[in-house]
Every structure is written in structure tokens, then in C-alpha cells.
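First the structure, in the form of C-alpha cells, and then the observations on it.
The values are calculated or read from the model by the stated rules, or taken from the named source; none is laboratory data. This structure is a prediction, so every number in the text was calculated from the model and none was measured. Methodologically, a virtual Cβ is constructed for each residue, glycine included, from the backbone with ideal geometry; neighbour enumeration extends over all protein chains shown. For the accessible areas, the whole protein counts, side chains as well, though only heavy atoms, and no ligand, DNA or RNA atoms are used. Shrake-Rupley method; radii C 1.70, N 1.55, O 1.52, S 1.80 Å.
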Amino acid sequence: MSPYLLLVDDEPRYRELYAQVLQALGVEIAQAEGAAEAQRLIERRAPEMVISDVRMPGASGLELLEAVRRAHPELPFLLVTAYADVRDAVAALKLGAVDYLAKPVDLDELVACVQDTLGLVAADRDDDPPAEATAELVAVSPQMRALLRDAWRIAKSDATVLLTGESGTGKEVLARFLHRSGSRAPRPFVGVNCAA
């Protein structure tokens, strides 16, 4: 039976992105948009791990962690946040969180954390995009291969992506790769020169 994992985030795009990446590990995923819904799902069926945003409407991820600890003291809990705060990180670790990741979450780090926590071995599949998808790109270094792997994963979701960097670093090349690798490929790509 597949491990059961609960994703809690008020932003559907993050939940969908994490779910899409983690399903490659062979885990069953449930999603909740807030702490109250998460607690109801946990009461029905306790997951093997919870991944929760910290700042959400209603109860925060830290409050959810505290509430879950009372009924399930050993349940692995990973917190992610766009507002990294040392005090929150310390509080989370004191409450027994397995880790505290800042958004945008490094997807390889997320996968590694889930694998380590649940004792999983990655499914036997290549995360690198197929050669035909990267035919126009040159990526030799491990950092560029990791960037293309993340872009390939992200392209399959509806997540909004902001690419930043100096002029001439290949932002538009990567934007075109994201566009043609995802569900938006049939629609036109419109490059806009903001400086002009």
C-alpha cells in the first residue's frame, strides 16, 4: 500500500505543484486548503506525513502542527513558508517538525525530505526532460541540469513563474522551454521587451 501524504496550503498552485512532483515517489496525496480541513482529513485517516504552509487564513501551519501533535505525537510534519522567520523556524523545530523550507521551495530538496522522512526510494524514472524537449538548450553543469529538471516539473502545473536575472542570461530561452513543455504549448508565446 502506498504511503499517504497530506498537503496543506491555501494556494492551489502550490498544492498542485507539490502533488505533481511527489506523486513520482508513488505516494497517495490528499490536499487541504486550510488547517480546519486538514484536521478533518487527519481525523478520518492519519497520513504518514503532513506538508503545510505556515501562513494561511484561519489557523496557521504552526497552530495546525501544535493541534496535530496532541493526537499524533510521532506524525512527521514539514513546514514551508514564503515568509521565512527564524522565530517560526525555531518554534516549528521545537514542536517536532522534520524541517522548515522557504518558498519558492527547491523541488529536489522537497523530494529528498519526503524520501528521507518516509524511507522511500525514488521511482525508477528519469526526471530529466526528454532530449527532444531540450534540443535547443545547452545545459551541461549540474546546476543547469537541475534548473531544467525543475522547469520541466513546473511546466506540467499551472504555477505562475517569475524568471529574474541580468540581460543575456537566457530568461526568454527558459520561458520558451516552460511554455512549450506545458499545457500552454498550443497557445502562442508572446515575448515582451519590458525595457523597450
Leading residue at positive end of dipole, segment 52-101 (Cβ point charges), from A71, A92, S60
A71
Averaged per residue, what accessible area in Å² does the chain show with a 1.4 Å probe, protein chains only?
57
Helix 12-22: angle to the longest alpha-carbon principal axis of the chain, degrees 0 to 90, nearest 10?
90
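State, to one decimal in nm², a quarter of the convex hull surface area for the C-alpha atoms of segment 12-54, i.e. the direction-averaged projected area.
So the Cα hull casts an average projection of 3.1 nm².
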Of A185, A155, A38, the one that fluctuates the most in a GNM where the chain has Cα springs shorter than 10 Å
A185
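How would segment 57-118 be classified by its alpha-carbon gyration tensor: rounded, prolate or oblate, with rounded meaning a/c under 1.5 and the a/b versus b/c comparison settling the rest?
Values: a/c = 1.87, a/b = 1.17, b/c = 1.60.
Because a/c hits 1.5 or more and a/b fails to exceed b/c, segment 57-118 counts as oblate.
Suppose we flag chymotrypsin sites (Phe, Trp or Tyr not before Pro) only when DSSP calls them loop and at most 15 other Cβ atoms lie within 10 Å. Which is the longest uninterrupted stretch of the chain? Intermediate results must be reported in sequence, preceding the final value.
Numbers: sites that count: Y83, F189.
The longest uninterrupted stretch comes out as 84-188.
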Here the alpha-carbon Rg of the chain over 2.2 N^0.38 Å rounds to 1.12
Quick one: pull the percent of accessible area on segment 1-125 belonging to carbon and sulfur, 1.4 Å probe, ligands and nucleic acids left out.
49
To the nearest 20 debye, what charge dipole does segment 44-196 have about its Cα centre, counting +1 at the Cβ of each Lys and Arg and -1 at the Cβ of each Asp and Glu?
500
Distance in Å, no decimals, from the C-alpha centre of segment 146-184 to the one of segment 83-120 is 25
Under 10 Å, Cα contacts only: if you run a Gaussian network model on the chain, which one of T117, T134, T160 comes out with the highest mean-square fluctuation?
T160
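When the convex hull of the C-alpha atoms of segment 1-114 is computed, what volume per residue in Å³ does it have? If you can, show how the numbers build up before the last one.
On the way: hull volume 10.3 nm³, N = 114.
Given the Cα convex hull of segment 1-114, per-residue volume reads 90 Å³.
Counting only GluC sites (Glu not before Pro) that are in a DSSP loop and have at most 10 other C-beta atoms within 10 Å, tell me the longest site-free stretch of the chain.
Values: sites that count: E74, E136, E166.
Segment 1-73 is the longest.
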